[in-house]
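Comments concern the structure below.
Any read-out appearing in this document is the output of simple, stated calculations on the displayed coordinates, not a laboratory observation. None of the values given here were measured: they were computed from a predicted structure. A quick note on method: Cβ atoms are made from the backbone with ideal geometry, for glycine too, and the neighbour counts reach across all protein chains shown.
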Amino acid sequence: MRDGHTTAISPALWSPADAGARPSPAFPPAGERAAPSPTERATPSLTGIVFGHGSRITLVLEPTGIVRAITEVTNVEPCDERDFIGHHLADVCGGSPLGPDRRGVWLERLQTARAEPGPRRYLDTHDGGEAPVFGRSTVTPVPAADGRVETIVVHLHDETGLREVEGRLRESESHFRLLAESLPQMVWVADTTGVVTYFSPRWSEFTGRTTEDLIGVGYVDLMHPEDQVKMATTLATLDDGPVQAFSFRLRRHDGEYRWMEAHVHTLTTASGERLEAVGGTTDVTDLRREAEAHLLSQKREAIGTLAGGLAHDFNNVISAIVSNAWVAEAELDAGESPADSIHEISRGARRAGDLVKRLLAFAREEAPKRTPFDLDAVVDEACALVGPTHPAGVTIRRRRDPDLPRALGDSSQLHQVVMNLVANAGHAIGDGGSGTIDIAVELRRAGDRGSRPAGMKPGDILRVTVRDDGDGIPGDVLPRVFDPFFTTKPAGEGTGLGLAAAQTIVAGHGGVITVDSVVGTGTTFVVSLPAGPAPSDLPAEPVAASDPDAASTAGRPRVLFVDDELALTRIAPRLMASSGCTTVVFTDPVEALDAFRAAPGRFDALVTDLSMPGLDGLGLISGILELRPDLPVVLSSGFMTDDQVRAAEALGDGRIIPKPCSIAELADSVTELRATAA
């Protein structure tokens, strides 16, 4: 029956064993049966019934070709079995209404089965009218004990649907190749074992190899050595489903390593079984270089934009120092105490040092620090630095909460965020205009309603609000203000990276930055950060060894002090003496190393600058530690690259003190290092 399932034939009627045991008049012995003539009664064609209808049937034949039994019927229309049992296979299958008479074909197949052992498979193609019809025929001889063919089994199986699927698959593959070969990306396909089975022609253009050379071998040998292990790990852990992206470097045909970005999608069956992975690879080297150039341009622009404010502050600081120095000289001439003037000079010098540190924070990336700091003080410093760059009509108003807890993070990075927001607020008001920038730092408790923005962990929050009364941001622009390289400023006045960098910094501190704006009213930026410990919870500051109440009683250590700045070597012995140290100074690091080699046991510590002619501080330290590996070392510098910092740390457990710093700080570091080593 054509019901989509296999029908078992009743043994009483169809069993070959039964038929062989009790041959009926309709089944005369094999030796008495002859092939029917074409003039006998017309027999329905089994191939016409099976082929083209998704059906299959199995026939058991006598060696002569007479149908003895039918053992399997699947998806076949109802028919009279008497039209087939006892008839010759050539009549049953040869007179197909779907094509020309094929009796001779079947007679030849039966002859082959009687003459040669083993099954034979044949593909039968018939002209089905609207579309071709395909069938698979298998003829298998079954020998007796003496080797003679006793039975022949014939299996007819329709493959029309399978051929249609194969045709659609070939058409789909053709479309895929056409698409893959027209794309600018380098397309590839890999099987479940990770072996690449297809490369688009773009791979040949990039690598200089033919696709035949690449298939099965891949391109691992062309990958940068540093990326090979990482790439293997990435591919081994690919998840099924969504497109995944990763980057690596690949050697081009000219030998240059280029940055590539690959997007991979893993295809699976409905049951989740992985089929293959399809990927597209793009050369993004030029895009990366362009992005790096934009970032460098943003750094330069940030420093250039703040140059006016820095110059203004430096001029104020220098004016204050010079004025107080003049007053101190006058007070000394008059026999009066210059203490107040000297105090102001010291304050001015510290302020100048702070300005230098802020500028260096913009000049290079610094290692992130997570320490408690006064967020309110950072906001004050940012306002003081940016305020002078605003038009004269812009007023900054500050509001603060008492007893604010400390923030936890990198104060230099948060200083950059606040400075950017305050600078943008001034730009929003515009040149020649007048307006107000309100800046508040406040504490929101964990239990306060609406205190925690989405994306932040539970807990107390420090919130910095910067509000201006400028023109506001249009609604179609507002969603893009944090996008990298998006800016509404004229060409040459902005790169659009300031707010993107601010968002990254805030997110890195576990916080959130939000914006709200109304055209004609103004804009409000809110930075929310996790609150740190309260001031009362912080550990007590260590007492410096230069404090008279905590002065070392272990004698007066002899310090080798090396700096090419003559003014520092002049003042160092006096200031180090006040901290309980005896100092031997050198402005030439080579001479200092020679003096140490002459008497290594003479010195108890080394304090040295980094950048000096002839021999830098790292070279001096290395030479001295070869003779005295246990010697306490303090390295002081106004600027150090990351490589220099790592090199200094590798030399030992010394201490790095950034300039500007006081001689007293250097002396305290020496005392602390000696106490630790004791």
note = Most packed first (mean Cβ within 10 Å per residue), the peptides 144-152, 416-424 order as 416-424, 144-152
task = Work out, step by step, the length gained on full extension between GLU290 and ARG574: first 0.36 nm times the residue separation, then minus their alpha carbon distance; give nm to one decimal.
result = 96.9 nm
request  = Would you mind putting 579-585, 208-214 in packing order, based on average other-beta-carbon counts within 10 Å, highest first?
outcome  = 579-585, 208-214
message = Just to be sure I understand the model, the point goes 7 Å from the Cα along the line to the Cβ. What's the resulting ARG397 to THR521 distance in nm?
response = 1.6 nm
key: Length gained when the stretch ASP340-HIS265 is fully extended (0.36 nm per residue, less Cα-Cα span)   = 19.8 nm
query = GLU565 label point, 7 Å along Cα→Cβ, cut-off 15 Å on backbone N: hits in the range 634-655?
reply = 635-640
remark   = For SER174 and ALA664, extending 7 Å from Cα along the Cα-Cβ vector and measuring point to point gives, in nm, a value of 8.9 nm
query = Going highest first, how would you order 632-639, 222-229, 264-271 by mean Cβ packing within 10 Å?
reply = 632-639, 222-229, 264-271
note = To the nearest 0.05, the calculated FRET efficiency linking GLU276 and ALA377 through their beta-carbon distance, R0 being 45 Å, is 0.15
√(5λ) per eigenvalue of the Cα gyration tensor, the range 623-678, largest first, Å = 18, 17, 8
query = VAL394's amide H: which non-local residues (gap 5+, or another chain) put their own amide H closer than 5 Å, with H modeled 1.01 Å from N in plane and none for Pro or chain starts?
reply = GLY435
FRET efficiency, 1/(1 + (r/R0)^6) with R0 25 Å, evaluated for ASP642 and SER297 via beta carbons = 0.70
query = Which percent of the Cα-Cα distances in the range 391-434 go past 15 Å?
reply = 59 percent
request  = Output ³J(HN,Hα) for the range 107-115: one whole-Hz value per residue in order, computed from phi by the Karplus curve 6.51 cos²θ - 1.76 cosθ + 1.60 with θ = phi - 60°, and x for Gly and Pro.
outcome  = 4, 5, 5, 5, 4, 5, 5, 6, 9
request  = Please list the non-local residues whose amide H lies under 5 Å from the amide H of ALA531, H modeled 1.01 Å from N, same-chain partners needing a gap of 5 or more.
outcome  = ASP460, ILE461, LEU462
task = Describe numerically, in nm with one decimal, the distance between label points set 7 Å from Cα along Cα→Cβ at HIS253 and at THR197.
result = 2.8 nm
query = Which ³J(HN,Hα) values in Hz, rounded to whole numbers, follow from the phi angles of the range 604-617 under the Karplus curve 6.51 cos²θ - 1.76 cosθ + 1.60, where θ = phi - 60° and Gly and Pro get x?
reply = 10, 6, 10, 10, 9, 7, 8, 8, 9, x, x, 7, 7, x
request  = Could you calculate the FRET efficiency of ARG602 with THR436 from 1/(1 + (r/R0)^6), where r is the beta carbon distance between them and R0 is 56 Å, rounded to 0.05?
outcome  = 0.30
Other-chain or far-sequence residues with amide H under 5 Å of TYR257's (modelled H) = ARG252
task = Quick one: what are the phi-derived ³J(HN,Hα) couplings along the range 395-405, Karplus 6.51/-1.76/1.60 with θ = phi - 60°, whole Hz, x for glycine and proline?
result = 10, 9, 10, 10, 10, 9, 8, x, 6, 6, x
Hypothetical label at LEU478: residues of the range 500-528 whose amide nitrogen lies under 20 Å (7 Å Cα-Cβ projection) = 500, 503, 512-528
